[in-house]
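Notes to accompany the following structure.
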Amino acid sequence: MKYYLFIFLSFCAIIPFSGCQSQALRALIEPQEWTNYAVTEGVTCTDAAMIDGDAKTRGYADGRWIHLTLPTRKPIHRIVIRGTNIRDAMVYQKLQGNGRWQAIQQVTNNRGPAIEMRMSVVTEALRVYISGTTDDKHRARKFSERHNAMVPQIQLGRAYAHEIEVYGFVSKAVQP
């Protein structure tokens, strides 16, 4: 029995390196190339400066929201927000149907100038709710009669990003 297992494992190890492998197998083994959907034609965003491909420009959120819409449904594997003051946020994908949204990624306590998120979703639109920025200013607590307690006072900063990148894999046609 061990002899047959050894032969089988040897066969499995040799086949990928032989010249008789199929194009489909090669497509699986070859490294994938990324494409940034955000800079393609037909993509819209809350502020076009966030998706213009220029890291020097700065785009601002609409209040606490950023909306990004692709012309068609695409498989998304990575989202990068560069040059941002976003500290806390929730990222949503649009589901097929009547405007339903699903939370797919939460960002908490970001201290750097970029946020990188990995996921695997297929959607035509993303939105980001920003619950905190590094520019938010916390003031002394104030007594609230409504809550009958001391409530923190926060002056909200304006959320921005220099660039938003939305990545998927380049489609490679399998040749016979």
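Here are the numbers for this structure:
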quantity	calculated
Spacing of the two label points (7 Å from each Cα toward its C-beta) at Val170 and His147, in nm	5.2 nm
Ascending count of other beta-carbon atoms within 10 Å, so fewest first, for Thr40, Thr108, Thr46	Thr108, Thr40, Thr46
Nearby aspartates and glutamates by direct alpha-carbon distance to Lys137 (threshold 20 angstrom, same-chain neighbours under 8 apart not counted)	Asp62, Asp88
Separation of the Asp52 and Met90 label points, Cα + 7 Å toward Cβ, nm	3.2 nm
Label-point separation in nm, Arg100 to Ala114, each point 7 Å along Cα→Cβ	3.5 nm
Net charge contributed by nearby residues that have their C-beta within less than 15 Å of Arg100 (K/R +1, D/E -1)	+2
Pairwise FRET efficiency - Thr35 versus His138, Cβ, R0 = 45 Å, nearest 0.05	0.65
Label-reachable residues, segment 120-154, where backbone N falls under 12 Å from a point 7 Å from Thr72's Cα toward its Cβ	none
Highest-first arrangement of 60-71, 90-101, where packing means the average Cβ count within 10 Å	60-71, 90-101
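Rule-based calculations on the coordinates, nothing more; no lab input. The shown structure was predicted, so the numbers you read here are calculated from the model rather than taken from an experiment. Note that each Cβ is placed from the backbone with ideal geometry, even for glycine, and that neighbours are counted across all protein chains shown.
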